[in-house]
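Structure, as structure tokens:
No value in this document is a laboratory result; all are computed from the given coordinates. All figures in this text were calculated on a predicted structure; none of them were measured in a lab. Cβ placement follows ideal geometry from the backbone for every residue including glycine, while neighbour counts extend to all protein chains displayed.
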Amino acid sequence: MRIVFAGTPEFAVPGLRAACERAEVVAVYTQPDRPAGRGRALTPSPVKQEALRRGIEVRQPETLRDPEVQSRLRALEPDLIVTAAYGLILPKKVLKIPLHGCWNLHGSLLPRWRGAAPIQRAIEAGDAETGVCLMEMEAGLDTGPVLLREATAIGTDETSGQLYERLAGIGANVLAKGLDMLVAGTPPQRHPQPEAGVTHAAKIEKAEARLDWNESAEVLARKVRAFQPWPVAEAVLAGERARIHAAKAIAAGSAAAPGTVVAASRDGIDVACGDGVLRLLMLQREGGRAVSAADYLNARRGQF
């Protein structure tokens, strides 16, 4: 089985490992190196780093629409293309290249949360569960038939970063099962996605991280979890902007105006919301590092 694997972030690395254990990965496609860190040095993607460690050829085209790029891909004679958070659209001509088509690992229970940010949107919406689908790719965005799926409950305090790591492992297991079935000559059955229940997971914009105290504490607590570790929720607190790394809605009512600090102690900083109270547990001042509420209060002694 000759596989071309296409992926970019850490989420895709376990899937690449699973593919390497079950087939010949003849090439890895990943996004071009991007500036990262304080020095903004060009940095290879996690998938590229894993591929190079394994001695696999790495290709980093800016687009797959270029006929020359498509010709080079076709020359690899792949039996299957597997993608996981690749970041580039596969044109129809590319979808037709492999003998067994193109598979994609998607971090949601399709048709819920098609699109770029399924993990964050599931937490933000308060979903009780999510999962990973192995789907057959077609021209539409995450619209293809589902081959295999595995569900998992979302923890009540789980952040998108924590869920991201869990789903990466689940995705690798799902892909491994699908590849084992394909190699054995009994490929997974195709299950068309139902029209009912379709939702779209729009890309996360940094501006969304600004908390509006007029919203309910429950909604804001979910946003803090959804936007951790990026872009990290932020809010104005006693006249100063701070990033909120951890918070929870507490069972308390308040008649104070939204945004008012109603209590401050080592246990946290309680802020009145449009409905309920949000307790801030870990915060970060501009130019500082994330600290506990107790340390944050020490740094702003006398201001609460």
Subtracting the Cα-Cα distance of THR63 and GLU10 from 0.36 nm times their residue separation yields 17.0 nm
Its Cα gyration tensor gives the chain an equivalent ellipsoid whose semi-axes in whole Å, largest first, are 42, 21, 15
Sequence order, segment 25-30: Karplus ³J(HN,Hα) from phi using 6.51 cos²θ - 1.76 cosθ + 1.60, θ = phi - 60°, Hz rounded, Gly and Pro as x, gives 7, 7, 6, 10, 9, 8
The alpha-carbon center of segment 30-69 and that of segment 159-177 are separated, in whole Å, by 22
Within the chain, the percent of DSSP beta bridges that are antiparallel, given to the nearest 5, stands at 65
Per 5 angstrom bin, beginning at 0 and ending with the bin that holds the maximum distance, the Cα pairs of segment 206-299 fall in percents of 3, 16, 29, 29, 18, 6, 1
Stretched fully, the stretch from MET181 through LYS96 gains (0.36 nm per residue minus C-alpha distance, one decimal, in nm) 28.5 nm
Counting sequence-distant residues (5 or more places) and residues on other chains, those with an amide H built under 5 Å from that of GLU57 are VAL28
Length gained if ALA294 through ALA257 is fully extended, taking 0.36 nm per residue and subtracting the Cα-Cα distance, is 11.0 nm
The answer for MET137, listing residues at least 5 apart or on another chain whose modeled amide H is closer than 5 Å to its amide H, is CYS102, TRP103, ASN104
Expected sort for 169-175, 264-270 on mean C-beta neighbours within 10 Å, highest first, is 169-175, 264-270
Listed by chain and number, the lysines with an alpha carbon less than 17 angstrom from that of LYS248, same-chain partners under 8 positions apart left out, are LYS223
Residues whose built amide H sits under 5 Å from the amide H of GLY131, excluding neighbours closer than 5 in sequence, are SER108, LEU109, THR152
Diffing segment 284-300: the Karplus 3J(HN,Hα) column from phi (6.51, -1.76, 1.60, θ = phi - 60°), in whole Hz with x for Gly and Pro, holds 9, 7, 4, x, x, 10, 5, 9, 5, 4, 4, 5, 4, 5, 4, 6, 10
Exposed-loop cut sites defined as GluC sites (Glu not before Pro) in DSSP loop states with at most 13 other Cβ within 10 angstrom; longest site-free run of the chain spans 63-194
Scaled by the rule-of-thumb 2.2 N^0.38 Å, the alpha carbon Rg for segment 49-127 gives a ratio of 1.32
Filtering the chain for DSSP H helices with an axial alpha carbon extent of at least 15 Å and a Kyte-Doolittle mean of at least -0.5 returns 160-183
Site LEU76, offset 7 angstrom along Cα→Cβ, radius 18 Å on amide nitrogen, limited to segment 91-110, gives 91-105
Pseudo-spin-label distance ARG210 to LEU52, built 7 Å along Cα→Cβ, given in nm, is 3.9
For LYS93, the lysines lying under 29 Å Cα to Cα, once residues fewer than eight places off in the same chain are dropped, come out as LYS48, LYS177, LYS203
Listing THR152, THR130, THR159 by rising number of other beta-carbon atoms within 10 angstrom, fewest first, gives THR152, THR159, THR130
